[in-house]
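I have placed the structure first, in the form of structure tokens, so that the comments after it can refer back to it.
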Amino acid sequence: MATQAHHSTTRRDFIFVATGAVAGVGAAATVWPLINQLNPDASTLALASIEFDISAIPEGQSVTIMWRGLPVFVRHRTQAEIDEAKAVPLADLKDPETDEQRTKEGHEQWLIMIANCTHLGCVPVGESGDFDGWFCPCHGSHYDSAGRIRKGPAPKNLVLPPYEFLSDTLVQIG
Amino acid sequence: MSEHSTYTPGNAVEKWLDDRLPIIRFSKEHLMDFPTPKNLNYWWTFGAILVMCLVIQIVTGVILAMHYTPHVSMAFDSVEHIRRDINGGRMIQSFHAVGASMFFAAVYIHIFRGMYFGSYKAPREILWILGVLIFLLMMATAFMGYVLPWGQMSGWAATVITNIFAAIPVIGNPLLELLRGGFSVGNPTLNRFFSLHYLLPFIIAAIVVLHIWALHVPGNNNPVGVDVKDTKRDTLPFHPYYTMKDAFGMVLFLIPFAWFAFFAPDILGHPDNYIEFNAQVTPAHIVPEWYFLPFYAILRAIDFNILFIDSKLGGVIFFGGSILILFFLPWLDTSKVRSGNFRPMFKWFYWLFVVNFVALTYLGAAPAEGIYVVLAKICTAYYFIHFLVILPLLGRIETPRPLPTSISESVLGKAH
Ligand code: HEM
Ligand code: FES
């Protein structure tokens with residue numbers, strides 16, 4: 001037995017384990033590109049940033065524009081909507097964020113959000129729902145006038161894309 | 001069950017072939033002589049009907065693929081082109097689209113047949129598990145097929161269903177982009193769905209072969225659920241007795257099939273899918289195809305957080321769980337008696353489960369508001385209670401009715 005135990009940890013075993021390890025790494029290295037090809041390609045990634053002129057949107061109206069294939073709401077809020085959003089106590093919110101965190105300082109009237117419901121991605125309908133914001137018809141999520149989730153299955157507020165005001169009328173998204 | 005082979009090669013060519021590739025022997029054993037319980041009723045014809053459905057989908061699908069263009073700017077028009085310009089294209093397309101619905105109708109009957117007659121119980125667990133796997137692959141195939149015409153329902157179904165994966169913690173978002181090939185559903189998504197929609201039916205066909213293999217080891221279950229004891233008295237050869245019965249079942253099944261395909265090809269679909277996909281506007285009322293509704297109702301029912309699990313992930317867990325739980329059915333049902341005919345309590349709960357399932361189907365299509373939301377929660381809870389509480393308990397507390405001593409006795413009555 002003792003000699004057998006001695007024999008069982010030989011160079012042959014080392015070669016066996018080493019070969020297995022190399023084969024495993026090799027297999028993983030072969031499979032990865034076969035999966036990675038599914039990821040967004042260079043032409044998709046190239047659409048990363050856009051500029052948009054907001055001056056044509058009158059108060060109380062919104063437009064939907066496209067950024068990286070995603071719809072984006074640009075809403076020119078009324079004073080009543082802004083006041084309503086500011087008046088909500090944070091404790092009432094499922095995903096607590098203040099109105100200030102949802103907008104850019106000095107541009108509170110502009111709400112710019114990715115237009116896909118944070119539940120399963122439908123585009124909510126504007127100026128509807130129980131909270132004077134958006135209502136998602138797919139499974140009944142209600143968003144308020146700051147795009148925050150108030151009721152329904154969606155877990156999060158509507159997502160804000162990275163954006164900045166280049167001037168009072170020009171925004172860059174992305 | 002090779003001992004039942006009575007094959008002797010009829011001539012020198014057959015003999016030569018039999019020594020090299022015994023395919024005639026194999027076919028004779030499994031497609032003709034296979035001993036089959038003599039009491040099978042029409043619910044047992046659905047297996048053959050399902051094979052027919054798969055063949056119809058593959059034949060019509062391969063033809064559609066000859067004329068279809070998987071590109072976001074052309075897909076919608078190419079399906080209209082198939083329906084309007086291709087010779088006979090209108091019928092081939094409607095047989096494929098209606099065929100998907102008929103396929104699911106048949107598979108639901110087939111599954112509920114198995115549930116009533118306890119066909120999932122030992123020694124048929126693997127057979128059942130392969131069946132659930134086929135059901136899962138059918139859902140994936142039908143979902144990706146539905147995306148191909150690139151209408152409003154197609155695009156939004158793709159958006160909503162791929163989004164389910166985003167609920168997975170940490171890897172959710174990278175996984176979503178990987179699945180879609182972009183930040184949203186677009187041309188890369190359509191292309192890969194077409195490729196997989198072509199592939200999966202052939203994988204299904206391969207698993208069907210395993211499914212039938214697993215069937216031919218223990219042989220068929222039957223309406224009284226007792227094992228075959230005496231092959232002579234309890235069984236009949238598959239051909240001609242069941243080839244004929246199955247053929248008759250197929251013909252009956254083809255009547256509503258043809259009615260839909262010829263007279264109402266769009267009645268099972270949604271008018272919104274005749275509007276090309278628009279990523280900026282979701283139709284006011286999006287609903288999946290009818291065959292997904294019960295599971296969709298479960299997905300929507302979870303609109304509240306459960307401890308640290310948010311509502312979205314919760315919905316996905318229940319949605320996935322409602323299908324995966326089927327894999328465990330052979331072990332959740334603790335009763336040794338197979339057929340529901342001999343289980344006085346199970347019978348009631350079985351039908352209650354069926355009613356609950358139909359209710360979920362209805363609720364999946366109802367708007368997510370008011371009383372519907374409450375009902376969907378109750379029905380979802382009951383769905384899981386049936387599997388996790390009722391079935392395990394029933395096996396312990398129920399007294400089954402006496403079983404017939406043999407299949408033959410149950411058919412011919414006790415010998416006097
Ligand atoms: C498991 C079997 C299959 C199922 C359940 C299935 C299901 C579906 C469904 C639901 C549609 C959408 C029909 C519509 O709403 O108009 C579709 C479309 C399509 N399928 Fe299949 N399919 C199957 C097999 C195949 C196969 C084997 C092919 C061959 C490549 C194929 C090719 C196509 C094509 C080209 C379309 C787009 C044209 C159209 O929309 O009618 N399918 N399929
Ligand atoms: S996608 Fe908006 S509520 Fe489900």
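The values are calculated or read from the model by the stated rules, or taken from the named source; none is laboratory data. Everything numeric here is computed off the predicted structure, so don't read it as measured data. Here the Cβ is made from the backbone with ideal geometry for all residues, glycine too, and neighbour counts use every protein chain on show. For accessibility, only protein heavy atoms count, side chains too; no ligands or nucleic acids. Shrake-Rupley method; radii C 1.70, N 1.55, O 1.52, S 1.80 Å.
For B:S73 and B:W348, compute 0.36 nm times the residue count separating them, minus their Cα-Cα distance, and round to one decimal in nm.
Once the chain is fully extended between B:S73 and B:W348, it gains 93.7 nm.
What is the sum of charges, Lys and Arg at +1 and Asp and Glu at -1, for the other residues whose Cβ falls under 15 Å from the Cβ of B:F260?
Values: positive: B:R90; negative: B:D266, B:E289.
Combined, the nearby Lys, Arg, Asp and Glu give -1.
I need to check one value: relative contact order of region B:299-363, counting alpha carbon pairs closer than 8 Å and at least 6 residues apart, in percent.
17 percent
Over region B:289-399, what is the relative contact order in whole percent, taking alpha-carbon pairs under 8 Å and six or more residues apart?
This gives 41 percent for region B:289-399.
Could you derive backbone 3J(HN,Hα) for region A:84-96 from the dihedral phi with the Karplus parameters 6.51, -1.76 and 1.60 (θ = phi - 60°), listing whole Hz in sequence and x where the residue is Gly or Pro?
Working through the residues one at a time gives 4, 5, 5, 6, 6, x, 4, 5, 7, 9, 6, 10, x Hz.
Output the relative contact order of region B:117-208, whole-number percent, from Cα pairs under 8 angstrom with separation of 6+ residues. Can you show the working numbers first?
On the way: 65 pairs, mean separation 29.6, N = 92.
After rounding, I find 32 percent.
Using only the alpha-carbon atoms, how far is helix B:344-365 inclined from the longest principal axis of chain B? Give it as 0 to 90 degrees, nearest 10.
That helix lies at roughly 20 degrees to the long axis.
Mind listing P(r) for chain B? All alpha-carbon pairs, 20 Å bins, whole percents.
Per 20 Å bin, starting at 0, the Cα pair percentages come out as 23, 52, 24, 1.
Can you check what the Kirkwood hydrodynamic radius comes to for the protein assembly as shown, Cα pairs only, in Å to one decimal?
One decimal place: 27.8 Å for the Kirkwood radius.
For B:T399 paired with A:L93, estimate the spin-label separation in nm (one decimal), with each label point 7 Å from Cα along the Cα-to-Cβ line.
Rounded to a tenth, the inter-label distance reads 6.4 nm.
Using per-residue counts of other Cβ atoms within 10 Å, averaged over each peptide, order B:10-17, B:189-196, B:112-119, A:37-44 from highest down.
Numbers: B:10-17: 10.9, B:189-196: 18.6, B:112-119: 20.8, A:37-44: 13.8.
Ranked from most to least packed, the peptides come out as B:112-119, B:189-196, A:37-44, B:10-17.
Just to confirm, what accessible area per residue do you get for region A:42-174 at 1.4 Å probe, in whole Å²? Could you put the intermediate results ahead of the total?
Details: 5600 Å² over 133 residues.
On a per-residue basis, region A:42-174 sits at 42 Å².
Packing-wise, with mean Cβ within 10 Å as the measure, how do A:143-151, A:161-169, B:236-244 rank, highest first?
Sorting A:143-151, A:161-169, B:236-244 by mean packing, highest first, produces A:143-151, B:236-244, A:161-169.
Label points 7 Å out from Cα along the Cβ direction at B:V411 and B:R90: separation in nm?
So the label points at B:V411 and B:R90 sit 4.8 nm apart.
Can you give me the distance in nm between label points at B:A12 and B:N278, each placed 7 Å from the Cα along the Cα-to-Cβ direction?
Calculated label separation equals 7.5 nm.
When Cβ neighbours within 10 Å are restricted to other protein chains, what is their mean count per residue of peptide A:147-153? Kindly include the intermediate steps, with their values, before the conclusion.
Numbers: counts 0, 0, 1, 0, 1, 7, 13.
Average neighbour count from other chains, rounded to a whole number: 3.
Can you give the mean number of other chain Cβ atoms that lie within 10 Å of the Cβ atoms in peptide B:279-291?
Values: counts 8, 10, 6, 12, 4, 3, 2, 5, 1, 0, 0, 0, 0.
Averaged over the peptide's residues, the number is 4.
Which of the peptides A:106-113, B:250-257 is most tightly packed, and how do the rest follow, going by the mean number of other Cβ atoms within 10 Å of each residue?
On the way: A:106-113: 18.5, B:250-257: 14.6.
Put in order of decreasing packing, that is A:106-113, B:250-257.
For peptide B:176-183, compute the average count of partner chain beta-carbon atoms within 10 Å of each residue's beta-carbon.
6
On a 0 to 90° scale, report how tilted helix A:11-36 is relative to the longest principal axis of chain A, with both axes built from alpha carbons and the result rounded to the nearest 10.
Between helix and principal axis, roughly 30 degrees.
With angles folded into 0 to 90 degrees, how steeply does helix B:125-147 sit against the dominant principal axis of chain B? Use alpha carbons for both and round to 10.
Computed tilt is about 30 degrees.
What's the local net charge at B:T334, with K and R +1, D and E -1, over the other residues with C-beta under 11 Å away?
+1
Which Cys residues of the protein assembly as shown have no other Cys beta carbon under 4.7 Å away?
B:C53, B:C379 - these cysteines have no disulfide-compatible partner (Cβ-Cβ under 4.7 Å) in the protein assembly as shown.
Anything over 31 Å Cα to Cα? Flag those among A:K86/B:K312; B:K38/B:K347; B:K15/B:K229; B:K28/B:K347, in the order listed.
From A:K86/B:K312; B:K38/B:K347; B:K15/B:K229; B:K28/B:K347, over 31 Å: B:K15/B:K229; B:K28/B:K347.
Rounded to a whole number, what % of the accessible area of region B:289-399 do carbon and sulfur atoms account for, probe 1.4 Å? All intermediate terms of the calculation are to be shown ahead of the outcome.
Values: 3940 of 5110 Å².
Carbon and sulfur: 77 percent of the exposed surface of region B:289-399.
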